[in-house]
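To start, the structure under review is shown below, and the notes come after it.
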Amino acid sequence: MSLTGYVVRRLLQLVPIVLGVTVLVFFLIHLVPGDPARTILGNHATPAKVALLHREWGLDKPLPVQYWRFLHRMARGDLGSSLFYSVPAGRLVVQRLPPTLWLIGLGTFLSVLIAVPLAALAATKRDRLPDQVVRAVPLVGLGFPPFWLGIMLLLAFALHLGRGFPVGGYGAGPLGHLHSMFLPSLTVALAIAPILVRSLRASLLEVFESDYVTTARSKGLPERRVLVRHALRNAVISTVSVLGVNIGFLVGGTLVIEQVYALPGIGQLMINSIFQRDFPVVQAVTLVFAIMVVLVYLLTDIVHALLDPRVRFD
Amino acid sequence: MHPRRRAFAFLATAAAVAATGTVASLAAQSSPRSPSAATPKRGGHITIARIEDSTSFDKTNVFQNESIWIAEQINESLYEAGNDGKTLKPWLATAYTKSKDGKTYTFKLRKGVKFSNGKPMTSADVKFSIDDARKQAKGWGYLDAAIKSITAPNPSTVVFHLKFQWAPFVADMALFANGIIPKNFAGQSRAAFYKHPVGTGPFMWDKRVVGQSVSLKRNPFYWQKGKPYLDGVTWTFVTDENTRELQLRGGQIQVDEFPPFNSIDKLKKTSGVTMSLFPSTRTDYLDMNELYPPLKDVHVRRAISYAIDRAAIVKSVLFGYGTPANSQLPPQVPYYDKNAGGLQYDLAKAKAEMAKSKFPKGFKVQMLVGSGAQVENTIGQILQSALKQLGITVKFKTEDTSTEFNDIQSNKYQLGFSYWTMDIADPDELVTFALDPKGGAFSFYTHYNNPTVTALSHQAQREVNPVKRAALYAKVQRIAASQANLGYLYYSPYRWAYTSKLHGFFVQPLGNYHLEDAWLD
């Protein structure tokens, strides 16, 4: 099977996955205690006002009827309206997607930028001081909660040491976004990089024992070329899978970073809409998460295949 | 400072932040700023960071403060509450007269008032606005229930015909929901109008990014000449309190809404920051659901009230910035009775009450607390320890706040927590809500039912003589306090931290603020 055929097949698999996720989430969120009408009305909720809102939102109908209406709307591309903002839920999600995508994208890029040189250093200086330091220090980073790390980075680089970065926010324009997203993405990267370092280091050590690396060395190739052209290219294959899994967790896992850095991403949107019981938004966000996770794993598989010519698509 | 020393200082303070979440700073400013004697300067833009995003600007149907306080910059009422939270002052109206039978109010409108679209405000707009507000069955319409009809005999006069004498009427007219909008929503649909509302207020709609920010800009037609001083205001949404504080210190925002109590001392000492505590109408309560038999016993409720160590709670939860509550009403509300007699901490009396009750040996009770709600959890632990001495075993049930809210309102709780802040400069709304079982909320969901109190509160609603009304509300407060309808916990101030360059920023006891008076250095 060609790459195109493989991609199409995987994309088609999205449909039952997304359908299954929406069914599960729909019933879960409706069955969990809590009422958006009471949340909106606050202390002023009376049975009469609650009933009025339920009628307005169609929440007075039996659950299967509500689900059927939801499916019917979804088939037309309508994800419903936010009960709180009275704007289309789909539009709300699309509006809030870019900061999260920036966080995931730039965070992944920075994590690779940090992990690859460190792993290479550790593997080439096995058991010597650089290796010890590289193996120990990232573990410390793993132990720091992202919340605390985020605040520390803000204090350091946004407030004390030169005020080079804004204190949270998303900024305006591509350069503004890049400037604002650097520290949050670094926080993400510092959380992922230790795992990548360890994985890549282990792979490199294994690859260094391979026949083709021994051959490359015996041919007199400079060590740097052996590392970059031969060892890294092969060692990174398994690390791509590790990276893919971590990115999958990042989807929906950026909430804490978004809160610390006041980023208007979908992680924040998801948690707020769950607390508020804003059903259409919860469903819309979950839909997007499901699609994103599937796409991330698909991308991981494609990159894997591109790196390793032995991988076949059938 | 030498870079290495600076790095070391940073690391040292970073360790302090890890332990306390704070960083020490410099000079002190703390008390609420009364209007500055300096000459206001025109220009500048401020950003206010708050903990929640606004949901809607339909002032007739929204109950969320984060929406209301912005809507109030756009829409104004005929009368407004004064800075003391008790008096009412003319605003879009200059005066009113009342008929002898107290059922007809005639308001004279202020001349020269225009909407931000340049059109003059007339009585037709007033009639439309309040007729629309009182139709909102799922919103604030209930506060206008006394109105029978509204007429506009000429463009500068509005006449309200009431069904009966209604003492809180002018206070109800001062409610933001009764703010004046253009007739017929300025030719738009209701939904479209409230996406970017038009009003007579100091600021007009600029833009909104849902989930991020709302921006207003100066209304060039504002009736108070020379105001507002600011060019514009932006409200952002920053849930994390540490981030809000860092943004304030970094100059990214000018106002931090509701910094936590544990940061007040630190902010008072932060250079360039004013930490203000404004007297508020907020009162926190322990709800005792009388549908649970032990809590129906008045002696049990009195015992629990006596067992609440309010001073300890104020110290541990509010870090000393609050006062024990002694009445259903807070001091900033008209007719608050300082001698209401809300039961204060006395363990001996608590035990004596339990001995008189039907449950002298105690009982088990469940206390609902919000997950992650630090304040409720702290108070809960203090209460659990105190009530144990009365033989009352408290078991916590932790729920997320939406479920907690739902369960309290659905009577699926025994002990719980709630609070109230006033919406009008009159006790009627709270008294009805908290003490009248048919007031819409089953007496604050406690099912407290004292026909004498209910009758007194109804009488007070119709009593227009302030002296007699004060006496009625005094009786209401004293009876309710003696029966411990709720456990009155504490009164706490509104906390606002803002740049020292901002002047004229004042938060009223009702929680709202008039930004037309604010200006930047």
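Per-structure values
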{"read-out": "Close pairs from segment B:357-372: first among the aromatic types (Phe, Trp, Tyr), partner in a strand (DSSP E or B), Cβ under 9 Å, at least 6 apart", "value": "B:PHE359/B:ILE392; B:PHE363/B:ILE392; B:PHE363/B:THR393"}
{"read-out": "Residue that is nearest to B:PRO153 (Cα to Cα), among those in segment B:99-130 that are touching a helix residue (DSSP H, G or I) at 6+ places or on another chain (Cβ under 9 Å) and among the charged types (D, E, K, R)", "value": "B:LYS127"}
{"read-out": "Filter pass, A:PHE289 being more than 14 Å from every other protein chain (Cβ to nearest Cβ), under 14 Å from the mean Cα position of the chain (by Cα) and free of Cβ contacts under 8 Å to residues at least 24 places away in the same chain", "value": "no"}
{"read-out": "Residue ID - nearest to the other protein chains (Cβ to nearest Cβ), chosen from residues in segment A:71-83 that are in contact with a helix residue (DSSP H, G or I) (Cβ under 6 Å, 6 or more places away or on another chain) and of a type in the set (A, V, I, L, M, F, W, C)", "value": "A:LEU83"}
{"read-out": "Which numbered condition B:THR97 misses (of (1) in contact with a Lys or Arg (Cβ under 8 Å, 6 or more places away or on another chain); (2) outside any helix (DSSP H, G or I))", "value": "(1)"}
{"read-out": "Some residue of segment B:199-209 being within 14 Å of chain A (Cβ to nearest Cβ), within 18 Å of B:SER54 (Cα to Cα), in contact with a helix residue (DSSP H, G or I) (Cβ under 8 Å, 6 or more places away or on another chain) and crowded, with 18+ Cβ neighbours inside 10 Å", "value": "no"}
{"read-out": "Selection within segment B:387-416 - buried (at least 21 other Cβ atoms within 10 Å of the Cβ) and more than 23 Å from A:PRO36 (Cα to Cα)", "value": "B:LEU387, B:LEU390, B:ILE392"}
{"read-out": "Which listed residue, of A:LEU83, A:LEU113, is at negative phi and buried (at least 19 other Cβ atoms within 10 Å of the Cβ)", "value": "A:LEU83"}
{"read-out": "Close pairs from segment B:75-86: first under 12 Å from B:LEU510 (Cβ atoms) and hydrophobic (A, V, I, L, M, F, W, C), partner assigned to a loop (DSSP other than H, G, I, E, B) and modelled with pLDDT of 95 or more, Cβ under 7 Å, at least 6 apart", "value": "B:ALA81/B:ALA174; B:ALA81/B:ALA425; B:ALA81/B:GLN508; B:ALA81/B:LEU510"}
{"read-out": "Lone unmet requirement of (1) within 14 Å of chain B (Cβ to nearest Cβ); (2) among the aromatic types (Phe, Trp, Tyr); (3) touching a residue at least 60 places away in the same chain (Cβ under 8 Å) for A:TRP102", "value": "(1)"}
{"read-out": "Top-ranked residue in segment B:147-189 [being basic (Lys, Arg) and surrounded by fewer than 14 Cβ atoms within 10 Å (Cβ to Cβ); ranked as farthest from B:GLY118 (Cα to Cα)]", "value": "B:LYS163"}
{"read-out": "Residue that is nearest to A:PHE144 (Cα to Cα) [pool: residues in segment A:259-270 that are facing chain B (nearest Cβ under 9 Å) and outside any loop (DSSP other than H, G, I, E, B)]", "value": "A:VAL260"}
{"read-out": "Single residue of segment A:51-70 satisfying the filter (in contact (Cβ under 8 Å) with a residue 12 or more places away in the chain, under 23 Å from B:ASN411 (Cα atoms) and more than 8 Å from every other protein chain (Cβ to nearest Cβ)) that is farthest from the chain's Cα centre (by Cα)", "value": "A:HIS54"}
{"read-out": "Residue in segment B:79-118 that is surrounded by the most Cβ atoms within 10 Å (Cβ to Cβ), counting only those that are touching a Pro at 6+ places or on another chain (Cβ under 6 Å) and among the charged types (D, E, K, R)", "value": "B:LYS86"}
{"read-out": "Matching option when the condition is modelled with pLDDT under 90 and at negative phi, among A:VAL93, A:VAL134", "value": "A:VAL134"}
{"read-out": "Test: residue in segment A:3-25 that is part of a helix (DSSP H, G or I), within 24 Å of A:VAL251 (Cβ to Cβ) and within 14 Å of another protein chain (Cβ to nearest Cβ)", "value": "no"}
{"read-out": "Helices (runs of 4 or more DSSP H) lying entirely in segment B:420-495 (those with 3 or more residues that are at pLDDT 95 or above and on the phi < 0 side of the Ramachandran plot)", "value": "B:428-435, B:451-462, B:466-482"}
{"read-out": "Some residue of segment A:28-44 being within 14 Å of chain B (Cβ to nearest Cβ), within 30 Å of A:LEU178 (Cα to Cα) and of a type in the set (D, E, K, R)", "value": "no"}
{"read-out": "In segment B:413-441, the residues that are more than 9 Å from every other protein chain (Cβ to nearest Cβ), hydrophobic (A, V, I, L, M, F, W, C) and over 20 Å from B:ALA340 (Cα atoms)", "value": "B:LEU415, B:PHE417, B:ILE424"}
{"read-out": "A:ASP127 vs. criteria within 29 Å of A:SER203 (Cβ to Cβ) and surrounded by 13 or more Cβ atoms within 10 Å (Cβ to Cβ)", "value": "no"}
{"read-out": "Residue within segment B:267-286 that is more than 30 Å from B:ALA518 (Cα to Cα), of a type in the set (S, T, N, Q) and surrounded by fewer than 23 Cβ atoms within 10 Å (Cβ to Cβ) present", "value": "no"}
{"read-out": "Neighbours by Cβ (under 8 Å, 6+ apart or cross-chain): first from segment B:264-278, free of Cβ contacts under 8 Å to residues at least 12 places away in the same chain; second crowded, with 20+ Cβ neighbours inside 10 Å", "value": "none"}
{"read-out": "Tally, over segment A:272-314, of residues that are in a loop (DSSP other than H, G, I, E, B) and crowded, with 18+ Cβ neighbours inside 10 Å", "value": "2"}
{"read-out": "Condition check for A:LEU175: surrounded by 14 or more Cβ atoms within 10 Å (Cβ to Cβ), without any contact (Cβ under 8 Å) to a residue 24 or more places away in the chain and not in a loop (DSSP other than H, G, I, E, B)", "value": "no"}
{"read-out": "Residues of segment B:368-412 satisfying the condition of being within 12 Å of chain A (Cβ to nearest Cβ) and of a type in the set (Phe, Trp, Tyr)", "value": "B:PHE405"}
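So that you can scan it fast, the table gives a plain yes or no per residue for (1) under 26 Å from B:TRP519 (Cα atoms); (2) within 14 Å of chain A (Cβ to nearest Cβ); (3) in contact with a strand residue (DSSP E or B) (Cβ under 6 Å, 6 or more places away or on another chain):
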site: B:SER54; (1), (2), (3): yes, yes, yes
site: B:GLU66; (1), (2), (3): yes, yes, yes
site: B:GLN73; (1), (2), (3): yes, no, yes
site: B:LYS103; (1), (2), (3): no, no, yes
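This table checks each residue for (1) crowded, with 20+ Cβ neighbours inside 10 Å; (2) at pLDDT 80 or above.
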position	(1), (2)
A:ARG224	no, yes
A:HIS230	no, no
A:ALA235	yes, yes
A:THR239	yes, yes
A:LEU243	yes, yes
A:VAL251	yes, no
A:GLU258	yes, yes
A:TYR261	yes, yes
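The values are calculated or read from the model by the stated rules, or taken from the named source; none is laboratory data. Note that the structure is predicted; figures quoted are calculated from it, not measured. Heads up, the Cβs are rebuilt from the backbone with ideal geometry, glycines too, and the neighbour counts pull from every protein chain shown.
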